Each structure stands twice: as C-alpha cells, then as structure tokens.
Amino acid sequence: MGKEKVGRASYLTKNLGNYPEKFVVNGRVYLKVEDLRYGTNPHQPAAFYKPEGISCPIGDMKVLKTGKSGLSQTNLEDISYALNIVKFFKQPACAVMKHVNPSGAAVGRKGEALRDVYIKARDCDSRAAFGSAIAFNKKVDAATAAEIMSSFVECVAAPDYDSDAVNIFNDGEKYKLNKHIRILQCGDISALPAYAGDNTELKQTIKVLADGSIVIAEPLLTGLRSVSDLKQAEAESQALGKVKSLFSATESQIEDLLAAWYVNISVRSNGIVIMKNGQTLSVGTGEQDRVGAIEQAIAKYRQKYSGKETLDGAVMASDGFFPFSDGVEVAATAGINAIISPPGSIKDAEVIKRANELKVAIYHAPERIFSHH
C-alpha cells in the first residue's frame, strides 16, 4: 500500500485540535489566545498562548487588520523580537525583522519624522526587508503607513495608529501588493523588562529541547540604562600591566554605541551590529566565530551598498568579548573607530592596546548578551 498523501490543509485540520485550551508550566497557567495559521513552516500546526491573569503587550495585541489566514508562529516571533528592540528608546524607533533577526533598525535623530525613521530601518537592507515584520514604539501616522505600503510587508505592530493610517492599510485596491498586510496594535511596551533589576515576574523564557525537555531562564536584560553608563575599556595583564582605552567616541557615536548594543540584544549570536547616525548599516549574525561575524557584516555592507556611505566613523557592537585583537583590526581597517563589547577575554589588555594603536575607542559593557534563539 502506498503512503497516504496528506495536504497542508488537511494536515493542519487533523492536528490543531491537539492543542489544549490551557496548560501549566513552572506553576503558571497559560490560556490559548488562538490557533495559528502555522508554526515555523506551513506543515507545522501551532497555537498561541498567554499567561493567565497578567496584561501582555504581545499576548493581548488587537488585530486591526487580519491578513490571509491570520498569524503564524514566525510572524509572532518576528514581532516579539522587533518590539524587544524598540522598547529601549524614548525617541521614535523602528525595527524591521526577518527570520528572527533585524535586517535593519533605526532611531530618530533631531527633526526626523517617523516616516524617516522607518525608511532608515528598511533601507539598512532593503532586499532583506521584503516580506518583513515591522515594529514601532510610537503611533503610526498616515505618511509612515503610505511608505510601508510601497513595498511588501507581512506585519506591522505599534502601540497605536492614526485613523488615516488605518484607512491606508485597509485600501487593498490602491495597494494591491499589501492587500493581506496584518496590522496589530500592541500593548504598553514599557511593561516589557529591559534593564537589570526590572520586574521579571512571569516573564522567564522557556526553551523546549528536541526531546521535550525544557529550560526555564530569566530574560536577557542589560545593565546599560543610558549613555552615562558607558565606560571606557580597561584591563590588566602580567605582561602589559594596566591598559586603558585612550580614545573617546564623539557625542553622536556614544548614542550610536548604546543603540547598537540595544539592537544586538535581539540578534542571534555571534552578533555584530554596525551603526551610524541612528541607523544600522549592517548586522552580522549566527557566525560561529566572532571575527567571522565582523567580516560577514562588513562584506554584507559592501556587497549591498557599494558606492553609498562608507563605514568611516561608524560604530560597532559585539555581543561577546574579543578573544584576540583580530576582530578590532578588521573593524578598524573598514573605518569603524568606536566599539562596545563586554570584557572577559584573557587577552583584554592586548585587545585594548591594539585598539589604541589603531586609534579605536573601546567601551566595555557590564555583561555578555548572547542570544541563542
């Protein structure tokens, strides 16, 4: 007998009923929000749950416009990581997500409207932004909505929308490319923990392993709350004694260093974020070695943006320490002259010494921010 052929629709129909209305993990009750369009791939059924009894900026999202067949797990994960970036900023911010990594992110500088910020985030990597999920930390206006509708987008999440913006999103006749765009109104993103010491009650992360075992962990937070927390790197070794970074970043670069650090929290490790003037220029992600992630980010920038703004004066955030000075050398050769990373290498003093020789400012963050998502 031949194997029964099961199409996607019938496969999902057979399996969606397997998900309970509620379940308990680590003493917390989860209630089903909805069955999803699919999980990570179309043949994987999935359901969406939220913890009972608490307000959830993502779990309680309002669907202002539903796309074809609703949301998938991939949509929700991209939205979650995008909101996890923009939550850090008081000024207008936008994150454009693809495959649970930012293809681009941007923070508003003086005089920039939300539309300008979106264009900066999208055009960090406009090719990768095709079919993206986007998140904002501010109300979306009509001008921003019209710009979003000019290229293909899967989902938009924001705390609020102007009525004119909603009308634009619903105009499927004018914007046929995006007639199935999904528009979501999230809750108060200030409720998301961001900094060490924030309340993380009921916000631990849960990772399911291949055999069904689970790991429960505290969320990834940072001790850097403002630019005043940035400290120039220093380290000591037997051979070199005490070594301190001799160069300082400019005021604009200091803002970019902090922003790049916040973006990097939601980049898959090894993560490298290169930034300038409030805009990510390139993101290196998922490489097994740190210098490889730097090389990847620089090569990506040169490949996609040949002839555009150079990396001269750009800053770089590394989610882990530099085991050797080669990562700083590669960055400096490309024009990057300010870097933030955590300490922790036995060669920290050598790395700082080499950075001084290359006239690169080094700042040490208080923690490593690996994200193995």
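Taken together, the values in this text are just the output of simple stated rules run on the coordinates, not laboratory data. On a predicted model such as this, the values are computed, not experimentally measured, just so you know. Don't worry about glycine lacking a Cβ; one is built from the backbone with ideal geometry, like all the others, and counts go over all protein chains shown.
In Å, what Rg and Dmax follow from the Cα atoms of region 227-364?
13.7, 45
Post the alpha-carbon centroid distance, region 220-234 to region 50-87, in whole angstrom.
Cα centres, region 220-234 to region 50-87: 29 Å.
Would you please report the Å³ per residue occupied by the convex hull of the alpha carbon atoms in region 41-113?
Convex hull volume per residue, Cα atoms: 130 Å³.
For the pair Gln288/Val227, report the inter-label distance in nm, with labels modelled 7 Å from Cα in the Cβ direction.
The modelled label-to-label distance comes out at 4.0 nm.
Can you tell me the orientation of helix 73-86 relative to the chain, as the angle in degrees between its alpha-carbon axis and the longest Cα principal axis, to the nearest 10?
Helix 73-86 sits roughly 40 degrees off the main axis of the chain.
In region 227-364, what percentage of the DSSP-assigned beta bridges are antiparallel, given to the nearest 5?
Beta bridges within region 227-364, antiparallel portion: roughly 70 percent.
Quick one: if you stick a label point 7 Å off each Cα along the C-beta vector at Glu234 and Asp188, how many nm between them?
Taking the simple label geometry, Glu234 and Asp188 are separated by 4.1 nm.
State the percent of C-alpha pairs, over all pairs in the chain, separated by a distance greater than 33 angstrom.
Cα-Cα pairs of the chain separated by over 33 Å account for 34 percent.
What full-extension length gain, to one decimal in nm, is calculated for Ser126 and Lys32 as 0.36 nm per residue of separation minus the Cα-Cα distance?
Gain on stretching Ser126 to Lys32: 30.3 nm.
Considering only DSSP states other than H, G, I, E and B, which GluC sites (Glu not before Pro) in region 118-223 qualify as loop sites with at most 12 other Cβ atoms within 10 Å?
Within region 118-223, the qualifying GluC sites (Glu not before Pro) (loop, at most 12 other Cβ atoms within 10 Å) are Glu173, Glu201.
Report the gain in length on full extension from Glu147 to Glu251: 0.36 nm times residue separation, minus Cα-Cα distance, nm rounded to one decimal.
Full extension from Glu147 to Glu251 adds 34.4 nm.
Compute the Kirkwood hydrodynamic radius of region 22-191, taking the inverse of the mean of 1/r over all pairs of distinct Cα atoms, and give it in Å to one decimal.
16.2 Å
Extension gain Leu209-Glu52, at 0.36 nm per residue separation less the Cα-Cα distance, in nm?
Answer, rounded to one decimal: 54.1 nm.
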